[in-house]
Amino acid sequence: MKEITIDKLIFKNHLSMIEQYSLKDFMFKWLGSPEEGLDDLLPLKYTDQVFAKMETTLDTKIKINGDETFRYVTITEDNQIVIGGLDSNQELKFRIVSLEERLKSY
């Protein structure tokens with residue numbers, strides 16, 4: 001994943017139903033198509049506070065990129081998929097991800 005700063009991103013204010021389902025499908029594949037299904041492993045809920053995103057509950061503790069805890073996935077105005085996660089210092093990190101990058105690790 002490529003780490004970037006927030007000032008380089010322009011988030012969408014609204015996600016269509018197709019974008020919401022696409023993000024859920026992306027996360028399902030990105031997590032390796034878990035047998036238990038995405039809704040059990042990583043329940044995502046659409047919110048549009050500050051910007052539009054598919055957000056997880058606070059009690060969900062999926063680790064990404066080492067010690068970061070997954071918080072949400074969204075799409076920028078440039079149609080880049082961005083994952084937001086909390087690092088070990090509880091600071092929010094933004095990362096542009098690609099499915100191809102994830103599939104190469106298998």
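The values are calculated or read from the model by the stated rules, or taken from the named source; none is laboratory data. Since this is a predicted model, take the numbers as computed values, not measurements. Cβ atoms come from the backbone with ideal geometry, glycine included; neighbour counts cover every protein chain shown.
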In region 17-41, residues that are at pLDDT 85 or above and surrounded by 11 or more Cβ atoms within 10 Å (Cβ to Cβ) total 11
Residue hits (region 57-70; crowded, with 19+ Cβ neighbours inside 10 Å and closer than 22 Å to Lys12 by Cα) are Phe70
Of the residues in region 22-42, those that are farther than 16 Å from Thr74 by Cβ and either part of a loop (DSSP other than H, G, I, E, B) or of a type in the set (Lys, Arg) (or both) come to Lys29, Leu31, Gly32, Ser33, Pro34, Glu35, Glu36, Gly37
In region 6-21, residues that are closer than 17 Å to Leu44 by Cα, β-branched (Val, Ile, Thr) and not in a helix (DSSP H, G or I) total 0
Residue hits (region 42-71; small (Gly, Ala, Ser) and at pLDDT 90 or above) are Ala52
Result of the Cβ filter at 6 Å on region 60-75, keeping first residues that are on the phi < 0 side of the Ramachandran plot and partners that are crowded, with 19+ Cβ neighbours inside 10 Å and part of a loop (DSSP other than H, G, I, E, B), at least 6 apart or interchain, is Ile62/Leu42
